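Comments concern the structure below.
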Amino acid sequence: YDDKDGHYIVIQGEEILQRYAVQEVLGKGSFGTVIKCLDSKRQEAVALKITRNGRAFRNQAKQEIDILMKLSQVVNLHEFVARLIKVFEWKGHLILAFELLSYNLYQLIQCTRFRGVSLDLTRKFAWQMLQVLDALGKHKPAIIHCDLKPENVLLKYNNRSGIRVIDFGSACYADKKQFKYIQSRFYRSPEVILGLEYSTAIDRWSLGCMLVELHTG
């Protein structure tokens, strides 16, 4: 069922768990593949994140699930973090089912032909992302997203300013850091570049980079 790198081979029209009809691939990254499916039970479209095969990827997925479950208990975050609907096994892969959202903020910048969005819209995005970072920092122990970037912030609807932060696949607890090589390079903080100790501040650095990019294009 896998390719040589342990990614699940997606077949359009396949029915996963006799419930999720595969429609298209939404994205593929180092940790796995995200696909759009129609949930026949709930009669709604969902996004399935199929974790890449391998012990390290499975362990990281388990930590992502643990973090998402913790965040689901924070009432203030219900509007700002992608909602995890279900977790299950399929053909040796751990799968996370999420609500289906609209396009990401990098795609939004592309739609402006890289001229950027208004300061007012940038401010609305900033306020929502700051709610997330504030909650992550106040959690005990604090949680670091480790990969905040426009591709990991999705619009809820394509004609509204509401957003949700996604992809906690690289996230960690501040007292249990697992990796030194983190953050996408355009949003990577100085302490990570220099191999120094890092904290929740690295997400705020990434957010600063994102806000400049959103407004200037």
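Computed quantities for the displayed model
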{"read-out": "Residue within the range 55-77 that is of a type outside the set (S, T, N, Q), over 20 Å from the mean Cα position of the chain (by Cα) and surrounded by fewer than 16 Cβ atoms within 10 Å (Cβ to Cβ) present", "value": "yes"}
{"read-out": "Any hit, the range 50-67, residues being part of a strand (DSSP E or B) and under 29 Å from PHE125 (Cβ atoms)", "value": "yes"}
{"read-out": "Filter result (surrounded by 16 or more Cβ atoms within 10 Å (Cβ to Cβ) and either out of contact with any helix residue (DSSP H, G or I) (no Cβ under 8 Å at 6 or more places or on another chain) or among the hydrophobic types (A, V, I, L, M, F, W, C) (or both)) within the range 100-114", "value": "LEU100, LEU101, SER102, LEU105, LEU108, ILE109"}
{"read-out": "Number of positions in the range 1-22 that are in a strand (DSSP E or B) and open to solvent by 70 Å² or more (accessible area, probe 1.4 Å)", "value": "1"}
{"read-out": "Some residue of the range 149-168 being within 19 Å of ALA82 (Cβ to Cβ), in contact with a strand residue (DSSP E or B) (Cβ under 9 Å, 6 or more places away or on another chain) and of a type in the set (Ser, Thr, Tyr)", "value": "yes"}
{"read-out": "Hey, PHE168 open to solvent by less than 20 Å² (accessible area, probe 1.4 Å) and among the aromatic types (Phe, Trp, Tyr) or not", "value": "yes"}
{"read-out": "ALA56 vs. criteria among the small types (Gly, Ala, Ser) and touching a residue at least 24 places away in the same chain (Cβ under 8 Å)", "value": "no"}
{"read-out": "Exclusive hit being more than 21 Å from LYS49 (Cα to Cα), more than 16 Å from the chain's Cα centre (by Cα) and in contact (Cβ under 8 Å) with a residue 40 or more places away in the chain, set ARG115, ARG160, ARG123", "value": "ARG115"}
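The values are calculated or read from the model by the stated rules, or taken from the named source; none is laboratory data. Please read all numbers here as calculations on a predicted model, not as lab measurements. So basically every Cβ, Gly included, is an ideal-geometry build from the backbone, and we count neighbours across all protein chains shown. All accessible areas refer to the heavy atoms of the entire protein, side chains included, with ligands and DNA or RNA removed. Shrake-Rupley method; radii C 1.70, N 1.55, O 1.52, S 1.80 Å.
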